[in-house]
Amino acid sequence: AYVSFDLIITVCAEPWAYRGDVLAGVHKALSPQRQADGTVGFFHYNNFSLGTPFNRSRLDAAIQRVPGVDGVLSVQYRRRGRFVDLREMPERVSFAPGEIFRLDNDPNWPERGSYRLRVKGGK
C-alpha cells in the first residue's frame, strides 16, 4: 500500500544566494523524476522500499547539499488519509511492513503526495 505525504519545506538561503536559484536547486534535488543526465532526485521511487521508515535526516541532507542553502528551517507534513493538519515532521516516520512511501509531486495526481518549497533569506 502506498503512503503519500504532503510537505511544506522551508529553507534558509545563504546571504549571497539568490532565492530563485536556491528554489530551483532544491526542486531538482528533490524531484521524483529522472533527470536528463540519468540522476534521480530524493523523492524518486527507487529510493524507498517496503516497510522502510522515512528518516527526516536523509531529506535534510539532500537539501543541505544544494549550493546556497544555509539550512532547513522547517519540514511540515501530513500523511494523506491519516490526518488533515500539517505538523512538524519528526526524525522518523514508521510504516507497516506492507507500506511504501510515495511522493510524486504531480498536480494531475495530488493524492500521490506533494511538496511546496519556501525560501527565506538570501537575495
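The values are calculated or read from the model by the stated rules, or taken from the named source; none is laboratory data. Fair warning: this is a prediction, and the values are worked out from it, not measured in the lab. Using ideal geometry, Cβ is built from the backbone for each residue, glycine included, and neighbour counts are taken over all protein chains shown. These area figures cover heavy atoms from the full protein model, side chains too; ligands, DNA and RNA do not enter into them. Shrake-Rupley method; radii C 1.70, N 1.55, O 1.52, S 1.80 Å.
Based on a Kirkwood Rh over C-alpha pairs, give the Stokes-Einstein translational diffusion coefficient of segment 57-98 at 10 °C and viscosity 1.306 mPa s in µm²/s. Answer from the Stokes-Einstein relation: 130 µm²/s. For the chain, the solvent-accessible area of protein heavy atoms averages 56 Å² per residue (probe radius 1.4 Å; ligands and nucleic acids excluded).
Of the chymotrypsin sites (Phe, Trp or Tyr not before Pro) found in segment 1-110, those in coil by DSSP whose Cβ has at most 15 other Cβ atoms within 10 Å are Trp16, Tyr18, Phe83. The calculated FRET efficiency for the pair Phe83 and Val40, based on their C-beta separation and a Förster distance of 22 Å, comes to about 0.15. Once you reduce segment 75-123 and segment 1-55 to the center of their Cα atoms, the two points are 11 Å from each other.
For the chain, which whole percent of the accessible surface, found with a 1.4 angstrom probe, sits on carbon and sulfur atoms?
On the way: 3480 of 6910 Å².
For the chain, the apolar C and S fraction of the accessible surface comes to 50 percent.
Would you mind computing Rg(Cα) / (2.2 N^0.38 Å) for the chain, counting N as its residues? If you can, show how the numbers build up before the last one.
Details: Rg = 14.3 Å, N = 123, 2.2 N^0.38 = 13.7 Å.
Cα Rg divided by the expected 2.2 N^0.38 Å: 1.04.
Annotation: the antiparallel percentage among DSSP beta bridges lying fully within the chain is about 55. The charge dipole of segment 59-123, taken about its Cα centre with unit charges on the Cβ of Lys, Arg, Asp and Glu (plus for the first two, minus for the last two), comes to roughly 160 debye.
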